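One structure below.
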Amino acid sequence: MRILVVEDDQRVASFIQRGLEEEGYAVDVLYEGDGAAAQAATIDYDCVVLDLMLPGRSGFQVLRDIRTRKPELPVLILTAKDSLDERVTGLDSGADDYMGKPFALAELTARIRALLRRGKPHETRLKLADLEIDIIRRRVTRGGKVVDLKPKEYALLEYLMRNSDRPVPRSLIIEHVWDIHFDSISNVVEVHINSLRNKLDRGAAVPLIHTVRGVGYMLTDKPS
């Protein structure tokens with residue numbers, strides 16, 4: 001899952017970025033409104049966290065632009081302006097949720113999870129063969145046994161699971177699981193794939209993680 005944070009206060013932006021990355025999200029940060037809507041339209045984000053008081057284009061202007069280009073993209077407004085009138089204006093302008101500052105990171109991440117589930121009310125679990133992901137609890141089991149994953153391992157597995165039985169190019173894995181500044185020459189994708197294989201496939205009768213030569217990786221229970 002990939003999230004865009006548009007927040008001019010660099011300390012707040014860094015706080016949000018660290019917290020979301022610890023949850024396994026890939027996070028891009030912008031510090032002004034100019035270009036935010038264009039970036040949100042160009043890159044396949046799963047959610048936007050948007051401040052209202054921004055240099056350049058205001059948060060309301062960015063929100064209107066996003067709604068014109070990507071009407072289904074979840075947007076959470078995060079701002080020091082937490083009056084009733086501001087909340088009404090924000091929601092009427094197309095925001096999906098609204099949080100005032102100061103805020104608790106745990107509540108912010110919970111609200112983001114709720115937004116990501118919105119429109120998919122029945123999709124709380126992903127299953128392939130004997131591998132199962134509880135999306136709400138972020139809990140992974142294989143053959144009924146809990147598999148302990150680090151945040152990036154979980155994010156990688158969930159992305160592969162959502163695209164099961166389809167080859168996923170390495171470039172898309174980098175885009176969705178890591179962020180825009182990630183060094184594509186790095187072998188971190190391969191390192192995480194190997195770690196998942198050790199935790200999920202070692203000793204299993206049917207391996208699920210397959211390398212698609214020249215393309216990337218695929219999660220499937222079908223023979224390669």
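The values are calculated or read from the model by the stated rules, or taken from the named source; none is laboratory data. Source: prediction; values computed, not measured. Cβ placement follows ideal geometry from the backbone for every residue including glycine, while neighbour counts extend to all protein chains displayed.
Looking at the structure I just gave you, is Tyr31 of a type in the set (Phe, Trp, Tyr), modelled with pLDDT of 90 or more and not assigned by TED's automatic domain parsing to the domain that holds Leu156?
Numbers: of a type in the set (Phe, Trp, Tyr): yes; modelled with pLDDT of 90 or more: yes; not assigned by TED's automatic domain parsing to the domain that holds Leu156: yes.
Answer is yes for this residue.
Just checking, does the range 5-17 include any residue being part of a loop (DSSP other than H, G, I, E, B), under 29 Å from Arg138 (Cβ atoms), of a type outside the set (S, T, N, Q) and not assigned by TED's automatic domain parsing to the domain that holds Ile173?
First pass over the range 5-17, keeping only residues part of a loop (DSSP other than H, G, I, E, B): 7-9.
Now drop any that are not under 29 Å from Arg138 (Cβ atoms), which leaves 7, 9.
Checking which are of a type outside the set (S, T, N, Q) leaves us with 7, 9.
Filter once more, so that each one left must be not assigned by TED's automatic domain parsing to the domain that holds Ile173: 7, 9.
Yes: one or more hits.
Results for (1) surrounded by fewer than 21 Cβ atoms within 10 Å (Cβ to Cβ); (2) farther than 26 Å from Pro151 by Cβ; (3) charged (D, E, K, R), shown as yes or no for each residue.
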site	(1), (2), (3)
Glu23	yes, no, yes
Gly33	no, yes, no
Asp44	yes, no, yes
Leu54	no, yes, no
Gly59	no, yes, no
Arg64	yes, yes, yes
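I'd like the full set of residues that are closer than 13 Å to Asp97 by Cα, over 17 Å from the mean Cα position of the chain (by Cα) and not in a strand (DSSP E or B), limited to the range 60-81.
Leu63
Suppose we filter the range 44-65 for residues that are of a type outside the set (Asp, Glu) and out of contact with any strand residue (DSSP E or B) (no Cβ under 7 Å at 6 or more places or on another chain); how many remain? Reasoning before the result, please.
Filtering the range 44-65 for residues of a type outside the set (Asp, Glu) gives 45, 47-50, 52-64.
Restricting the remaining residues to those that are out of contact with any strand residue (DSSP E or B) (no Cβ under 7 Å at 6 or more places or on another chain) gives 55-58, 60-61, 64.
The total comes to 7.
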